[in-house]
Structures are given as C-alpha cells and as structure tokens.
Amino acid sequence: MATIYTIAKGNYKYGAFALINSLRACGINNLVIVGTNVHLAELEGLKNVKQVIINSTWNGTNLKPVLLLSQPSEYFIYFDADVIIYDGEFIREVEKRIKQNKFFGCIDGIVAEHEVRRHYWQEIYPSKNSISKPTYWYYNAGFFAGCMSCHSWILKDWNQLNLEHLDLEGYLFSNPKLPLSDQDTLNAILQFLPTEQMCVIELPDWFGTGTQTNPFFHIGNFRPQAFLHCTGHEKPWKLDKAPARAPNTYDDLWYQYIIKSPTPVFCSYQLSYLHKQWFKRSILSRLVIKLKSILKR
C-alpha cells in the first residue's frame, strides 16, 4: 500500500483531522504521515498515523517535497490538509497506476503551450529535451502521487526551484512571476513530462471550492467526486462567523467529520451558536445570509 502524506501547520490541523477521518470512513487504512510544526495530541496512539515535526518557518505549502524526501516511501500519495476523500476506490486506482510507474497528477485548468507564464517556467527550468512540446494542462499541487524510485527527481527538482525562486515564508501571490507559489514551480517541471508517463484526474471528478468554472464534461468514473479540495481562503475552521452564502459540499463534509462523527480523530473544536446554525441551514441562518446579501448590494 502507498503511504499517504499531508502537512498540517497551525490551524490546518482541523483540515488534516477531517482528511484522516474521511480516509478511514472510506475504508482506507494506509499509513498517513502528517508533517506538523507542533506535536498534535489528537493523533497520539492512532493506528497507522505518524506525525513528523518539521522545525521550519516556511509556509506549509512549500514543505511538500521536504516532507516526502525526509520520510520516503516507495509509493507515495500526497493530499493538502484541506482535502476530503469521497470515494475510497480512487485511492486504489491511484495505487494501481503509480505501481505502473506513472506520476499521478490533478488537472486544474488549461494553459496554452505558448502562454506567457510558460516562458518564465522555461527560464527557471529549461526543458531537458529540446524536441519535446509543453503540455496544455495546468496541475493543482494539492494532490499528486508517484513511485519514489522513479519520481524522486521531481521532488528534488521541485524543492530546488522553491529554494531558488520562492519566498518560502510567503503564501500565494507572494511571488509576482510565480503567483501560485509551489504550484507554479511544480508546473514548471511537469509541463515537459511526457503524457505517457503520467496519469491524471480532472475536474469535475475532483471538486475545488474556489473553482468557478471548468472546461470538462462530467464523464469520469467518480460520482459525484473522488475528492473535494477546499481551494480559496474560506476554510470552515477559519470562519469566525457565518458567511453570506450557504455551506458548500466541502463545508458539509468537514462538519460531518469534525463535529458530527469525528472518528478516529477527535478534536474539541468549538463552534459558535450562529456558526452551528449555518452548518445546519436553519431558518435563522438563512435569514442572516439573506440580510448579508442585501447589505452587500
């Protein structure tokens, strides 16, 4: 079985707890390695869960290759902490393909082969094959998987690009030419990786809460989704009050795995009364949302 990795610095632990609970609810009992900056008492004694303390001031999003290279597994699967697994068969499909030496990625959108950002990617990471053409695809860095003996070079090159070109303590949009931070440096590497060496999942077989539109028909194998990714800034554990919208699918599942049925990871996360009413879609919460939407006009 592949080892599953995630990084949970700061309050992202509340996302990682939901991720682990969703994996177990889907029947996935693989070893999960959690990179964190502090010891998490909630993970003590849990079967097949290992926490690794990373003493670094870097933003967690830039630590992905660091964690995997420091805790290597022949077959690895990485998920951002703000991901929830919806279909356990997806993990088995990933394991099948990485054992065929495929690097498994996640398509986020389309970027033309001659689009301006690709010129900068090629400046910082020139193609090692002069006759190869760049892919049209743009990959999300919140999920990837591979075989360490075949793909450790991707992780090493990725970490080197991060070291050379990113504000490692910054977050998204901290680097003008690499606005999506480690995601752009990963794409600089993957743009010339031959498609026969990859396997991917595309929208809407996975769901990103920050994705407004996507160019793909829903004709895949995972319905409604293989996994959900809380992209964007509105993480449910960061909300100090109910927002002017209804809960989305990720919000609902996070509430299920953290508040309603938190197993095997239990945490004492406290919701305010109005925040709880928002999750429950009560009449009161719907009135508050309506009022907020009126005031925003």
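Any read-out appearing in this document is the output of simple, stated calculations on the displayed coordinates, not a laboratory observation. Bear in mind the structure is a predicted one, so any value in this text is a computation, not a measurement. FYI the Cβ positions are ideal-geometry reconstructions off the backbone, even for glycines, and counts take in every protein chain you see.
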Quiz item: Are there cysteines in the chain with no second cysteine's Cβ under 4.7 Å away, and if so, which?
Solution: CYS26, CYS106, CYS199, CYS230, CYS267
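Enter the per residue convex hull volume of the chain, computed from alpha-carbon coordinates, in Å³ rounded to the nearest integer. List each step's numbers first, then the result.
Values: hull volume 43.0 nm³, N = 297.
Spelled out: Cα convex hull of the chain, divided by residues, is 145 Å³.
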Practice problem: Among DSSP beta bridges lying fully in the stretch 3-269, give the percent that are antiparallel, nearest 5. | Solution: 40
Practice problem: Mind pulling the angle between the C-alpha long axis of helix 88-98 and the longest principal axis of the chain? Nearest 10 degrees, somewhere in 0 to 90. | Solution: 10
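What is the total of Lys pairs in the stretch 216-297 with C-alpha atoms under 15 Å apart, excluding same-chain pairs fewer than 8 positions apart? Before the final figure, lay out each step's value.
Working: LYS235/LYS276; LYS238/LYS276; LYS241/LYS276; LYS241/LYS280; LYS241/LYS290; LYS241/LYS292; LYS260/LYS276; LYS260/LYS280.
Close lysine pairs under the 15 Å cut-off: 8.
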Quiz item: Got the relative contact order for the stretch 107-262 handy, in percent, Cα pairs under 8 Å and 6 or more residues apart?
Solution: 21
Exercise. With an 8 Å cut-off on Cα pairs and a minimum separation of 6 or more residues, tell me the relative contact order of the chain in percent.
Key: 21
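Helix-only estimate, please: 222 nm mean residue ellipticity of the chain, summing -39500 (n - 2.57) across DSSP H runs of length 4 or more and dividing by its residues, to the nearest 500.
Values: 9 runs with 95 residues, N = 297.
One gets -9500 deg cm²/dmol as the mean residue ellipticity at 222 nm.
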Quiz prompt | Prolate/oblate/rounded call for the stretch 68-153, Cα gyration tensor, a/c under 1.5 rounded | solution = prolate
Practice problem: Restricting to the stretch 73-200, compute how many DSSP beta bridges are antiparallel as a %, nearest 5. | Solution: 75
Quiz item: When the scattering of the stretch 91-235 is computed by the Debye formula from its Cα atoms alone, each counted once and equally, what is log10 I(q)/I(0) at q = 0.17 Å⁻¹?
Solution: -1.06
Exercise. Would you grab the residues whose amide H sits under 5 Å from the one on TRP206? Only those 5+ places off in sequence or on another chain, please, with H modelled 1.01 Å from N.
Key: ALA226
Exercise. Would you mind classifying the stretch 115-161 by shape? Square roots of the alpha carbon gyration tensor eigenvalues, ordered a ≥ b ≥ c; an a/c under 1.5 is rounded, otherwise it is prolate if a/b is larger than b/c and oblate if not.
Key: prolate
Quiz item: For the stretch 209-292, what is the convex hull volume of its Cα atoms per residue in Å³?
Solution: 125
Quiz item: How high is the relative contact order of the stretch 71-187, in percent, counting Cα pairs under 8 Å that sit 6 or more residues apart?
Solution: 33
